[in-house]
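Inspection log for the structure reproduced underneath, given as structure tokens.
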Amino acid sequence: MTEFWNERSMDATVENMMLDSQASLLTQQEMTEILSLLPCLGECTVLELGAGIGRYTSQLLTRAKHVTAVDFMESFLEKNRESNGHHSNATFIRADVTKLDFPQKSFDLIFSNWLMMYLSDEELNSFLEKMLAWLRPGGFAFFRESCDHRSGDSKMGFNPTYYRTDAQYSYLVSSVEVEGTECGQKCGFEIVVKKNIQAYVEIKNNPNQICWLLEKVPRSLVTQTGFSTFQQFLDHQQYSSRGIRRYEKMFGAGYVSTGGPSTTKEFVDLLNLKPGQKVLDVGCGIGGGDFYMAKTFGVDVLGLDLSENMVNIAVKRAVTEKLPSVQFEVADATRRMFPEGSFDVIYSRDTILHIPDKLALFKRFHSWLNPGGQLLISDYCCGEKPWTAVFEDYVKQRGYVLYTPSQYGKFLEEAGFCRVRAEDRTAQFIQVIETELQSAEDNKEEFIEELSEEDYLALVNGWREKLGRSKSGDQRWGLFYATKACLKE
Ligand code: SAH
């Protein structure tokens, strides 16, 4: 490793750092993109690992309370000191990151750009554990790597780089744990956002530059779901690849929610979308609604979803659709940060049932919208308690958190939205389920050929049970529309 970098550090330019001649063009764009993903750093102490000549150090220094920049190449660090040493809130350390140590809970953000790919699996594993320990609970880790979608752990001969797939990184990250809080609970990483760097996609047609922003949180979920992260719960339970394939067959190509294309057309029409408007789809699934909005109304759409399985499918289809105005990212809507007024429309279909704290989520939506911006949500709701035992069991097993349509509407008002419309659409829900069920039964042969008999039976039974739960009055479906007040209102 040292030899490799010694050769390249003779002339410590940005090109050598990035091993790429298009560096200057890319550097500006990717820097803006990466910095926009980070939390607000005002009061934060930051550890930057593999800081190099300080491309990011200077940016972090103007934003954070303190930055500790670490690199093991003296010539890089010297150049970094030259450019950034005048900042009183900077510390420079020459060290090999794998041998580094800090007291527990020393930092709010640990930042690295192209570092993990120079560590072997073993080094990376123990390094991630150390990072987790150095962070305060609620602190963030950011890293960006060159990934390889084809093979995985291939190690390039001349260039000591471990090309992992993004799935390998995600797996390594989700499995590390440390003793965490005072009450003895373990802490781990939850994903805030994982996405490919758009500058590389646009300038170099390269989707393999991928970054992660993670949050250190107590592992409270383990006992409830049997999975260490909520993302794993989604990807392994309800939204396994097979689960998604089943749902899509039932709901219609591109969709994983009630009514598929028909309810999407009906509800999107309520928004009166204009070309160039910015739409955020929260829990975008495999992206059918996003392609529809972009194609029909010329809007720019960002679809986010916590399930890797969903986003992988959506991203593949975006390539076939050739629609650069639609982008997807793996992100947790309850953790992702956007600047105030980032979107004209926030759209979410049958997703928020997975999210316990609706009020906190709606407050985030309110801040992300432009004044005058619109919010449109369809979601699973419930009737007044007591519920039937069947419904109690169903909700518990799925991990849903449900409210009546009118309680739901009150959360929207409390979050600051105006002109809130909360409609109980259960009658429409029942009608749609009956149509979907009928169509499956009419096309039984085709279903079985494309999926399997087991899948067909699971779907048809699932739909019959859903009908039963809805007809008993326990399961409800709500449509919600609200706006953020215009400045002059
Ligand atoms: N809206 C899509 C998908 C609906 S399925 C459609 O109509 O076809 C619900 C989706 O919500 C799933 O893809 C699930 O992964 C996603 N989801 C659940 N919790 C989430 C969270 N906290 N952040 C982002 N997405 C979430």
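Read the figures in this text as sums done on the coordinates, not as results from a lab. It should be emphasised that the depicted structure is a prediction, and the values quoted were computed from it without experimental measurement. Positions of Cβ are generated from backbone atoms using ideal geometry, with glycine treated the same way; all protein chains shown enter the neighbour counts.
What the table below lists for this structure:
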item	result
Calculated FRET efficiency for the pair Glu413/Glu441, C-beta based, R₀ 30 Å, to 0.05	0.10
Most positive-pole-ward Cα, Val432, Ser240, Leu132, against dipole of the chain from beta carbon charges	Val432
Links that overshoot a 30 Å alpha carbon limit, given the list Lys195/Lys249; Lys278/Lys466; Lys274/Lys444; Lys65/Lys316; Lys265/Lys471; Lys65/Lys484	Lys278/Lys466; Lys274/Lys444; Lys65/Lys316; Lys65/Lys484
Pairwise FRET efficiency - Glu33 versus Glu74, Cβ, R0 = 45 Å, nearest 0.05	0.90
Computed over the chain: relative contact order in percent, which uses C-alpha pairs under 8 Å that are six or more apart	10 percent
Folded to 0 to 90 degrees: helix 166-175 orientation relative to the chain principal axis, Cα	90 degrees
Charge dipole of the chain about the Cα centre (unit charges at C-beta), most positive-ward option of Gly285, Cys418, His87	Cys418
For the chain, calculated [θ]222 nm from helices alone, where every DSSP H run of n ≥ 4 adds -39500 (n - 2.57)	-12500 deg cm²/dmol
Ordering of 352-364, 371-383 by burial proxy (mean other Cβ atoms within 10 Å per residue, highest first)	371-383, 352-364
Cβ-placed point charges (K, R +1; D, E -1), dipole of segment 232-483 about Cα centre in debye, nearest 20	680 debye
Ordering of 456-465, 205-214, 127-136, 306-315 by packing [mean C-beta count within 10 Å, highest first]	306-315, 127-136, 205-214, 456-465
Student exercise, segment 2-222 dipole from Lys, Arg, Asp, Glu Cβ charges, in Debye to nearest 20	440 debye
Percent RCO, i.e. relative contact order, over segment 2-222, from Cα pairs under 8 Å lying at least 6 residues apart	17 percent
Nearest-20 debye value, the chain charge dipole, Cβ charges on Lys, Arg, Asp, Glu	1140 debye
Dipole of segment 232-483, positive direction: furthest Cα of Phe362, Pro386, Gly468, with charges on the beta-carbon	Phe362
Degrees separating the helix 405-414 axis from the principal Cα axis of the chain, which is the longest one	40 degrees
Contour minus Cα-Cα distance for Thr62 and Cys486 (0.36 nm per residue)	149.3 nm
Potential lengthening between Ser24 and Val201 on full extension [0.36 nm per residue; Cα-Cα distance subtracted]	62.1 nm
Angle in degrees between helix 74-84 and the longest Cα principal axis of the chain, rounded to the nearest 10	70 degrees
Stretch gain in nm, segment Glu179-Gln104, where the contour uses 0.36 nm per residue and the Cα spacing is subtracted	25.9 nm
Rounded, prolate or oblate (a/c below 1.5 giving rounded, otherwise prolate when a/b exceeds b/c) for the chain by Cα gyration tensor	prolate
